[in-house]
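First comes the structure, then the notes that go with it.
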Amino acid sequence: MRPHGWLGLGIILVAEVLLFSGNAVIGRWFTPIVWTGYLLLVDAWLFRLTERSYLTTHRLEGVIVALVSIIGWWLFELYNAPRFWRGGDDAVGIWWQYHRLEPNLLLRRIGYDWSFATIFPALFLTAAALRASAFARVRIRPWAPSPNAMLLVVWVCDVAAALPLLVPSAWLVPLVWTGLVLVLEPLNARAGRPSWLADLARGDASRLVSLTVAGAICGVLWEFWNYWAITKWTYTVPMAYLGHVKVFEMPVIGYLGFLPFALECYALYHWARGVLNAPEEVVI
């Protein structure tokens, strides 16, 4: 494995030891630090499998993914923001909220952006490694919806993606994690960009399966590492969504959201890259 993989593993282990030994600095910055270690480790693992990765052969793509990740997660924060307009931390509509943030606003913004920059790369590197190993050969009968059916889906999902911004309600949470993917994925497939929907038309489900499993893996790790951090997030959801039944800080039913979330991030990234006309460098 490349040296940066061992460095990443070392960062994870040292951060864990310092966190549980009560180091307050690591506790406040644990999320971006541990996820930086994860990225280094998985990037090196992917290079070992495929001889390509963000830190070795596709550095420009790695930079673009990180930038789109920051912008993309601020978009999700926009979905979350209207909940605070309804009465603070006890508002019915809050989905997630942050605790014990850095008081210095500049450092807080650095912490936000550093953390957000790891989200898309973590999902994509994990998915690429899975696709190069466990899910290299996942074949199905070729499937492609009719153009009229896809147009109807796009119209419906345009409304679904906009509705949570217009009507602040925790009941609309699922639309945030499903609306955009069904809007953008058909556009990517039609434009010839990397697309799991286009793959399905060729009978290849390896990208779809790898992304959804990567979403589950990263989702569990996000919640696992978040649980013991000093600066962390928690969730407030309706009781009907089993909000009181939690694994770490996440209501158990919320883990299902990580599956379409990975697909949504992938669709958003390749749509943005197409709009920017970025060079064709693709790890997954």
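The values are calculated or read from the model by the stated rules, or taken from the named source; none is laboratory data. In this text, all values refer to a predicted model and were calculated from it rather than measured experimentally. Every residue, glycine as well, gets a Cβ built from its backbone with ideal geometry; the counts of neighbours run over all protein chains shown. Each accessible area value is taken on the protein alone, full model and side chains, heavy atoms only, with ligands, DNA and RNA left out. Shrake-Rupley method; radii C 1.70, N 1.55, O 1.52, S 1.80 Å.
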Inside the stretch 225-284, the number of residues satisfying the requirement of being modelled with pLDDT of 90 or more, open to solvent by less than 40 Å² (accessible area, probe 1.4 Å) and in a loop (DSSP other than H, G, I, E, B) is 2
Among the residues in the stretch 179-192, are any assigned to a loop (DSSP other than H, G, I, E, B) and surrounded by 18 or more Cβ atoms within 10 Å (Cβ to Cβ)? no
Can you tell me which residues in the stretch 186-216 are in contact with a Ser or Thr (Cβ under 6 Å, 6 or more places away or on another chain) and either at pLDDT 95 or above or of a type in the set (Lys, Arg) (or both)? Ala214
Would you point out the residue of the stretch 111-142, among those that are farther than 18 Å from Leu75 by Cβ and not hydrophobic (A, V, I, L, M, F, W, C), that is surrounded by the most Cβ atoms within 10 Å (Cβ to Cβ)? Thr126
Which residues, taken from the stretch 28-81, are open to solvent by 10 Å² or more (accessible area, probe 1.4 Å), part of a helix (DSSP H, G or I) and charged (D, E, K, R)? Arg28, Arg48, Arg59, Glu77
